[in-house]
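Below: one structure, written as structure tokens.
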Amino acid sequence: MKEQLDKIRKAYDLTVGQFQEGVDVYAAVPEEIRNLPGYTEITKNQNTDSDASDIREYLAPKQGMRYLDGGCCANLANYRLDKWLSVYYGVDISPALVDAMKSFAEKNSIPIGGLHVADVASLPFDNKLFDIVTLIGVLEYCTLQHTEHILHELWRVLKPDAKMVLDVPNLEHPYVNTMLRLEEFLGRPNIPKEKKSIENFLKHRFTIDRVDDSRVMIKYFVRAKSDREDVG
């Protein structure tokens with residue numbers, strides 16, 4: 001998993017550098033990938049970002065809540081998640097992304113809880129700290145074992161009955177192979193996982209309130225179980 005995380009870290013560090021230089025990372029995507037089914041829909045990220053209306057409605061951020069954006073990427077700047085009533089915290093394995101978001105917050109005098117370079121499987125936070133969490137665009141890069149570690153770690157830092165939204169590639173969607181090809185080209189190889197495997201991990205620590213499998217990424221809307229016995 002270390003080698004895989006290194007690949008993802010380097011890919012996103014490169015993306016930050018390209019953005020800062022004004023380079024369109026999608027301009028070099030070959031025609032054979034551009035012409036695949038669903039390419040335009042996938043690259044527009046329709047209703048798949050961390051600020052999607054269904055995510056915000058489910059999490060219902062309120063004053064005084066602590067919000068953790070796991071694998072935060074450039075979400076703070078792109079979607080202005082600081083404008084939620086909750087206090088924003090972000091973690092990402094890309095130092096370049098975290099530095100860029102820290103600079104953005106400082107430049108714009110944005111009050112946040114903190115931004116940290118960290119693997120979501122090893123978070124620098126106390127137990128039961130957060131009220132709401134998003135984990136969008138992360139688990140596709142992880143092995144099954146690492147996915148289980150991440151879900152356990154998020155459960156650890158969530159308050160009992162706290163809400164989380166996460167997503168994974170929908171292997172039954174007609175556009176999933178297009179997404180996998182694009183991710184591979186961008187240096188971010190995915191590790192496909194069956195829906196059943198993810199749900200087996202979730203059910204030990206979370207209650208699944210809703211599942212949306214209508215798009216290329218399946219969204220899970222879940223709550224941390226308050227009964228913490230028999231959970232490793």
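The values are calculated or read from the model by the stated rules, or taken from the named source; none is laboratory data. Everything quoted here is computed from the prediction, not taken from an experiment. When we count neighbours, we look across all protein chains shown, and the Cβ atoms used for this are built from the backbone with ideal geometry, even at glycine.
General remarks:
- The selection criterion, being without any contact (Cβ under 8 Å) to a residue 60 or more places away in the chain and buried (at least 18 other Cβ atoms within 10 Å of the Cβ), holds for Val87.
- Residues (without any contact (Cβ under 8 Å) to a residue 24 or more places away in the chain and buried (at least 17 other Cβ atoms within 10 Å of the Cβ)) located in the stretch 148-199: Leu180
- Matching entry among Leu135, Leu180 (being more than 19 Å from Ser86 (Cβ to Cβ) and of a type in the set (A, V, I, L, M, F, W, C)): Leu180
One line per residue, one yes/no per condition, for (1) out of contact with any Lys or Arg (no Cβ under 8 Å at 6 or more places or on another chain); (2) of a type in the set (Lys, Arg); (3) under 16 Å from Met164 (Cα atoms); (4) not in a loop (DSSP other than H, G, I, E, B):
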residue: Arg56; (1), (2), (3), (4): yes, yes, yes, yes
residue: Gly64; (1), (2), (3), (4): yes, no, no, no
residue: Asp82; (1), (2), (3), (4): yes, no, no, yes
residue: Gly90; (1), (2), (3), (4): yes, no, yes, yes
residue: Ala100; (1), (2), (3), (4): yes, no, no, yes
residue: Leu115; (1), (2), (3), (4): no, no, no, yes
residue: Ala121; (1), (2), (3), (4): yes, no, yes, no
residue: Thr134; (1), (2), (3), (4): yes, no, yes, yes
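- Condition check for Asp13: closer than 23 Å to Glu184 by Cβ and within 20 Å of the chain's Cα centre (by Cα): yes
- Count of the stretch 152-194 residues which are outside any loop (DSSP other than H, G, I, E, B), farther than 13 Å from Val216 by Cβ and either of a type in the set (Gly, Ala, Ser) or within 18 Å of the chain's Cα centre (by Cα) (or both): 13
- Filter result (touching a Pro at 6+ places or on another chain (Cβ under 9 Å) and of a type in the set (Ser, Thr, Tyr)) within the stretch 78-111: Ser86, Tyr88
- Taking (1) closer than 30 Å to Ala224 by Cβ; (2) in contact with a helix residue (DSSP H, G or I) (Cβ under 8 Å, 6 or more places away or on another chain); (3) in contact (Cβ under 8 Å) with a residue 40 or more places away in the chain; (4) not in a helix (DSSP H, G or I) in turn, Tyr12 satisfies each apart from (4).
- Residue ID - surrounded by the fewest Cβ atoms within 10 Å (Cβ to Cβ), chosen from residues in the stretch 103-116 that are within 24 Å of Leu59 (Cα to Cα) and not small (Gly, Ala, Ser): Pro111
- Cβ separations smaller than 6 Å between residues 6+ apart or across chains give the following pairs from the stretch 19-42 residues that are assigned to a loop (DSSP other than H, G, I, E, B) and surrounded by 10 or more Cβ atoms within 10 Å (Cβ to Cβ) to residues that are at pLDDT below 90 and not aliphatic (A, V, I, L, M): Val25/Thr15; Val25/Gln18.
- Flag if Thr134 is polar (S, T, N, Q) and either surrounded by fewer than 23 Cβ atoms within 10 Å (Cβ to Cβ) or free of Cβ contacts under 8 Å to residues at least 60 places away in the same chain (or both): no
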